[in-house]
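Structure below; questions to follow.
What follows draws every value from the coordinates through simple rules; no lab data is involved. Treat the numbers as computed from the prediction; the structure is a model and nothing was measured. Every residue, glycine among them, receives a Cβ derived from its backbone with ideal geometry; neighbour counts consider all protein chains shown.
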Amino acid sequence: MKKLLSTRYTDTAFNIATLVLRATFGILIFLNHGLPKLHKFGELQSTFFDPLHIGHLRCIQESANIADAGWGVLVVIVNGDGFLTRKKGKPFMSHAERMEIIAGLKGVDYVVGWDDGSQTVTGAIEIIQPNTFTKGGDRTSKENVPEFELCTNIGCKILFNVGGGKIQSSSNLIKGMGK
């Protein structure tokens, strides 16, 4: 069974929410996977998925294969509607709909909704403390991954070009609908 966890933080609630979400992850993963070491686990992947396209699918599939070869846990972060509003003006699909679609994909163990008001998932990485953070598409080096420094500091390996290079663009798909 897939687990959907949605988070929205304000500065005042961040510390309490961090502890609650971290404990929730630890308990869920221990109960479902029996992992003896709860402070670090699994693989992490994140993006908007608005809309989901073949590049996203390939990245998630390869991330799931990486997870299966290691801890066997894949956590996928679906960036919230606020991310999209700040970046593109408005979301194409609702956050809840995108989370449900991702949860339905084979190999995905947990789906986390994330929007802390920034344009990064640094806060989620601080909480989840993954072994690996997988990046696909146009995220090809430390220069275009704002979470790189944090990942280095916590011992989280970043894998680039997961699922292949830039195959498709959600923005281009949406633009092409009007033609």
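For ASP115, what residues show an amide H to amide H distance below 5 Å, using hydrogens built from the backbone and excluding near sequence neighbours?
Here the answer is THR7, TYR9, GLY80, since their amide H atoms fall under 5 Å of that of ASP115.
Continuing with this model, one more query. For the residue pair ASN65 and THR120, what label-to-label distance in nm results when each label sits 7 Å from Cα along the Cα-to-beta-carbon direction?
According to this spin-label approximation, the distance is 3.0 nm.
Tell me which aspartates and glutamates have Cα within less than 15 Å of LYS175's Cα, excluding those fewer than 8 residues away on the same chain?
Partners within reach: ASP50.
I'd like the FRET efficiency for ARG86 and LYS157, computed as 1/(1 + (r/R0)^6) with the beta carbon distance as r and R0 of 30 Å, rounded to 0.05.
It comes out at approximately 0.60.
Go through 85-95, 45-55, 117-127 and give me the packing order, highest mean Cβ count within 10 Å leading.
45-55, 117-127, 85-95
List the residues whose amide H sits under 5 Å from the amide H of PHE48, counting only those 5 or more places along or on another chain, with H placed 1.01 Å from N in the peptide plane.
It is ASN79, by chain and number.
A further question follows. Holding the Cα-Cα limit at 20 Å, pick out from LYS88/LYS142; LYS90/LYS166; LYS106/LYS135 the pairs that are longer than that.
LYS88/LYS142; LYS90/LYS166
Another question about this same structure. Take LYS175 and THR140, extend 7 Å from each Cα along the Cα→Cβ direction, and tell me the distance between the two endpoints in nm.
About 1.9 nm, to one decimal.
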